[in-house]
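Data block below; observations after.
Only the coordinates and a few stated rules stand behind these numbers; no lab work does. All figures in this text were calculated on a predicted structure; none of them were measured in a lab. Quick reminder, even Gly has a Cβ in these numbers, built from the backbone with ideal geometry, and neighbours come from all protein chains shown.
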Amino acid sequence: METINSEKTKIYNKDTISMFSSYPDIVDIKQLADMLGIGITLAYRLVKQNKIRTIKIGRAYKIPKVNVISYLID
């Protein structure tokens with residue numbers, strides 16, 4: 001099974017998507033930091049610099065897991 005990211009039209013195979021299978025499809029900043037093995041401050045910096053696309057709900061950032069994978073592949 002393959003998934004296509006409509007914005008960049010990149011194809012991710014199931015091995016790529018299963019990288020973070022233990023995480024939910026939408027993560028918060030703390031989970032993002034854990035996924036990347038970085039601190040929370042750097043995670044916020046990546047988000048605020050638009051390096052990783054997010055959805056902001058109120059004061060909280062929600063990050064689709066595919067956006068994290070896309071960041072790592074780019």
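For segment 40-52, give me each residue that is over 13 Å from residue 72 (Cβ atoms) and either surrounded by 12 or more Cβ atoms within 10 Å (Cβ to Cβ) or in contact with a helix residue (DSSP H, G or I) (Cβ under 6 Å, 6 or more places away or on another chain) (or both). Outline the logic, then answer.
Applying the first criterion (over 13 Å from residue 72 (Cβ atoms)) to segment 40-52 yields 40-45, 47-50.
Those that are over 13 Å from residue 72 (Cβ atoms) and either surrounded by 12 or more Cβ atoms within 10 Å (Cβ to Cβ) or in contact with a helix residue (DSSP H, G or I) (Cβ under 6 Å, 6 or more places away or on another chain) (or both): 40, 42, 43, 44, 45, 47.
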message: Tell me the residue from 56, 48, 30 that is under 13 Å from the mean Cα position of the chain (by Cα) and among the basic types (Lys, Arg), please.
response: 30
- request: Would you mind finding the one in 29, 52, 73 that is closer than 16 Å to residue 18 by Cα, in contact (Cβ under 8 Å) with a residue 12 or more places away in the chain and aliphatic (A, V, I, L, M)?
  value: 73
